[in-house]
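The values are calculated or read from the model by the stated rules, or taken from the named source; none is laboratory data. Just so you know, these numbers come straight off a predicted model, no measurement behind them. Ideal geometry is used to build each Cβ from the backbone, glycine not excepted, and the neighbour counts take in all protein chains shown. When the accessible area is computed, the model is the full protein with side chains, heavy atoms only, and any ligands, DNA or RNA have been set aside. Shrake-Rupley method; radii C 1.70, N 1.55, O 1.52, S 1.80 Å.
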Amino acid sequence: SLNSTPLGLFTSIGATGTTNYAGDETKLYQMDANSDFQDVSKSGGYNNSTTDGSKDYWAFTKFGDNVIATNFADNIQVFNESSDTDFSDLASIKAKYIGVVRDFVVAGFTNESGTNYHQRVKWSALNDSTDWTPSQATQSGYQDIPGEHGKLMGIIGSESFGIIFFEKAIYRMDYVGTPLIFSFSKIGNIGVFAPRSIVTFGSTIYFLSQ
């Protein structure tokens, strides 16, 4: 069992089989061969708030051999399943949501240098999840979605495009190459009422709307 209330769960499917990961208030865990969760946190652990109405939940994604986790309270975390024994900082960025679109890791609702960007979509360099410095050469960048759409509520990525959910709108992000890297098109005037209600089944996305 975990040490405290679970705040996130992720299943990774890789070359060696299926591995489960979980997070609670202060730690990240990996399930071992005996189906027991083992602490694989970075040194010092984590700082999730558990206050009702402002809880920090873990969000996970996978990019190659890297399991990536984020909670908005700490820097984005990474665990290489081929070589790591503990999670570590991926980048000096905090984010509520994370996903993979084409060959980019994409973060949403970020905190950068202490400032919150609740409508920001930020992506890593092409095929490099460690580089988040905006650059035409690496294709890393970000987009602040304008308009009265409320806060960003989730990211669903795919091999072709991404779907970005806000409280009052839905956007699609498509890769267009330099100089813009991604284009953003509004595809819905409804939004997401509860961010952790977003789930996929096959090619369909379900979510709780207003």
Picking from Lys186, Lys151, Lys94, the residue that is within 30 Å of Asn47 (Cβ to Cβ) and free of Cβ contacts under 8 Å to residues at least 40 places away in the same chain would be Lys94
Could you tell me whether any residue of the range 44-54 is open to solvent by 60 Å² or more (accessible area, probe 1.4 Å), in a loop (DSSP other than H, G, I, E, B), within 22 Å of Phe165 (Cβ to Cβ) and touching a helix residue (DSSP H, G or I) at 6+ places or on another chain (Cβ under 7 Å)?
-> no
Of the conditions (1) polar (S, T, N, Q); (2) at pLDDT below 95; (3) closer than 30 Å to Arg102 by Cβ, the single one that Ser43 does not satisfy is (3)
inquiry  = Going residue by residue through the range 82-89, is there one that turns out to be open to solvent by less than 20 Å² (accessible area, probe 1.4 Å) and either over 22 Å from Lys27 (Cα atoms) or in a strand (DSSP E or B) (or both)?
reply    = no
Note on the range 156-198: residues under 19 Å from the mean Cα position of the chain (by Cα) and exposed (fewer than 11 other Cβ atoms within 10 Å of the Cβ) are Glu159, Ser160
Please tell me if Val67 is assigned to a strand (DSSP E or B), closer than 19 Å to Phe10 by Cα, in contact (Cβ under 8 Å) with a residue 24 or more places away in the chain and in contact with an Asp or Glu (Cβ under 8 Å, 6 or more places away or on another chain).
yes
By my count, strands (runs of 3 or more DSSP E) wholly in the range 136-210 with at least 1 residues that are under 15 Å from Ala107 (Cα atoms) and not acidic (Asp, Glu) are 141-144, 152-157, 161-166, 170-177, 181-188
Checking Phe109, Phe207 in turn, the sole residue that is within 15 Å of the chain's Cα centre (by Cα), at pLDDT 95 or above and closer than 21 Å to Trp58 by Cα turns out to be Phe109
If we keep only residues of the range 14-37 that are free of Cβ contacts under 8 Å to residues at least 40 places away in the same chain and loosely packed, with under 11 Cβ neighbours inside 10 Å, then the residue nearest to the chain's Cα centre (by Cα) is Thr18
Condition met for Lys94 (surrounded by 18 or more Cβ atoms within 10 Å (Cβ to Cβ) and not hydrophobic (A, V, I, L, M, F, W, C)): yes
Looking at this structure, is Gln143 touching a residue at least 12 places away in the same chain (Cβ under 8 Å), touching a strand residue (DSSP E or B) at 6+ places or on another chain (Cβ under 6 Å) and either of a type in the set (S, T, N, Q) or on the phi < 0 side of the Ramachandran plot (or both)? yes
Taking the range 7-39 and keeping residues modelled with pLDDT under 95 and among the aromatic types (Phe, Trp, Tyr) leaves none
**OP:** Tell me, please, whether a residue that is within 22 Å of Leu90 (Cβ to Cβ), of a type in the set (A, V, I, L, M) and out of contact with any His (no Cβ under 8 Å at 6 or more places or on another chain) can be found in the range 139-151.
**Re:** no
